[in-house]
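The values are calculated or read from the model by the stated rules, or taken from the named source; none is laboratory data. Just so you know, these numbers come straight off a predicted model, no measurement behind them. Here the Cβ is made from the backbone with ideal geometry for all residues, glycine too, and neighbour counts use every protein chain on show. Just the protein is used for accessible areas: all its heavy atoms, side chains included, with ligands, DNA and RNA removed. Shrake-Rupley method; radii C 1.70, N 1.55, O 1.52, S 1.80 Å.
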Amino acid sequence: MSRAPRSPAARRFWGDDDSATNILHIDMDAFFVSVELLRRPELRGKPVAVGGQERGVISAASYEARAFGVNSAMPVAQAKRACPQLVILPPTMDLYAEVSQRVMKILHDVTPLVEQLSVDEAFLDVAGARKIFGSPVQIAQQIRAEIRRSEHIPASIGIASTKHVAKIASAHAKPDGWLLIPEEATLAFLHSLPVGALWGVGEVTRRRLEGYGVRTVKDLADLGRQTLIHLLGQAAGNQLYELAMGIDPRAVTPVREDKSYSREQTFFDPVTDRTHAEKIMLDQSHDAARRLRKNGMLARTVSIKVRFTDFSTITRSLTLGAPTATGADIYAAACQLFNEVTIPKGGIRLLGVKADQLSDAGLGLQLALDDDGRRSRAEEVMDSIRSKFGAGALSQASLLESDEDAGGRKRN
């Protein structure tokens, strides 16, 4: 049997499967660090983090680092003060994406009802997989064992009758464990937790609720729906009351219809150079265009998203004269928008390009006045070359001129 979860409250609610506990929440433990330690085994057992080297923030921290108070989103300088012996490794995002893709394949081999939340996190609905793979607990054990066998990294899994409770359960199962919350134990489990465990209760809301004597989820539930609506407003009050009562009707939704194609990137070391930022947008624009072409879609609007180191964020949008699936068009619009943005001294923490207001390319393409079709045909040829020889076989020349890739990492 898997190790018991660390939380004493969680141990009390260890129980047997029932017919309603079909939702699994899989969370890879310290995912970025776990992957890096496969290449740096000599660092196991030491405080390790992945993030910026001199500036920026921590993206992931080992449990040894967390013992010193190092957490994700913590500024690097603060992390080094908290743990002077901390080893900070630069991120290898392409590698994490590859491992994530293989892990998600393991999940899809169990059920098609997989809702991926991020590179290291997903929900599963295993109701239809019981006859083949056994109970949800057996399925969770098999998933964890297969991830460990094939990828050599740990995963924690929460099992419950709702997505909200399954997610909380996986957090209590960490590190490297699993936790089942039977349906009949849901309220007892929830009501034993601090109110901050509820989705939607951030620091500001938590402090406000504490002003009314609310410290646990049970305290919040005892206030009643109408009192919470009066205190927090209709939407927030109603939602928090239902979550506190174990009510969460959301289904696991594996496929969402694309309403836009976007790509954004967070930088561990802030970007301060405009030329570097534009090269990143060039890569993002062509990535969005490739996905548009792959899915037979055109975009009429281009947007950029810029977040600065003080976490302030701006977005800018531009409607094109004609819909497009050409990276050069998207990039030109993105640059036009970015020219109006002043980069502050601290630099840019996040940059993204989005193409939306989609239409079906099969309905006909009205070319822009300055486009004779050669650019779009050239990019289609590039698509076919990449498909045959791999994604790295061809790239925009301006991206090859630098010895750094679009994420600021050195090329090999």
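In table form, for the structure just shown:
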item	result
Peptide ranges 88-98, 261-271 listed from the most packed, as the mean C-beta count within 10 angstrom indicates	261-271, 88-98
Neighbour cut-off at most 12 other Cβ (10 Å), DSSP loop, trypsin sites (Lys or Arg not before Pro), region 37-104	Arg44
Hits among lysines - C-alpha to C-alpha of Lys80 under 27 Å, sequence gap 8 or more where chains match	Lys46, Lys174, Lys345, Lys410
Order of exposure, largest accessible area first, which applies to Ile304, Ile229, Ile247 with probe 1.4 Å	Ile247, Ile229, Ile304
Values of log10 I(q)/I(0), in the order q = 0.10 Å⁻¹, for region 56-205 under a Debye, Cα-only, solvent-free model	-0.44
Placed amide H near Ile348: partners under 5 Å, 5+ positions off or other chain	Val271, Thr272
Sorted peptide list for 23-32, 309-318, 274-283, criterion being average Cβ within 10 angstrom, highest first	23-32, 274-283, 309-318
Exposure rank, largest accessible area first [Lys345, Lys305; 1.4 Å]	Lys345, Lys305
Region 101-204 - percent relative contact order, Cα under 8 Å, separation 6 or more	16 percent
Prolate/oblate/rounded call for region 199-243, Cα gyration tensor, a/c under 1.5 rounded	rounded
For Ser59, residues with placed amide H under 5 Å, excluding near neighbours	Val50, Gly51, Gly52, Ala73
Derived scalar couplings ³J(HN,Hα) [region 333-346; Karplus, 6.51 cos²θ - 1.76 cosθ + 1.60; whole Hz; x for Gly, Pro]	5, 4, 5, 4, 5, 5, 4, 8, 9, 8, 7, x, 4, x
Between region 22-46 and region 313-335, the Cα center-to-center distance that results, in Å	38 Å
Percent RCO, i.e. relative contact order, over region 155-308, from Cα pairs under 8 Å lying at least 6 residues apart	16 percent
Greater than 22 Å apart at Cα, pairs in Lys279/Lys305; Lys163/Lys294; Lys167/Lys218	Lys163/Lys294
Other-chain or far-sequence residues with amide H under 5 Å of Val214's (modelled H)	none
Cα gyration tensor shape for region 121-190, rounded if a/c is under 1.5, else prolate or oblate	oblate
Region 13-148: relative contact order in percent, alpha carbon pairs under 8 Å with at least 6 residues between	26 percent
Exposure rank, largest accessible area first [His108, His191, His286, His230; 1.4 Å]	His230, His108, His191, His286
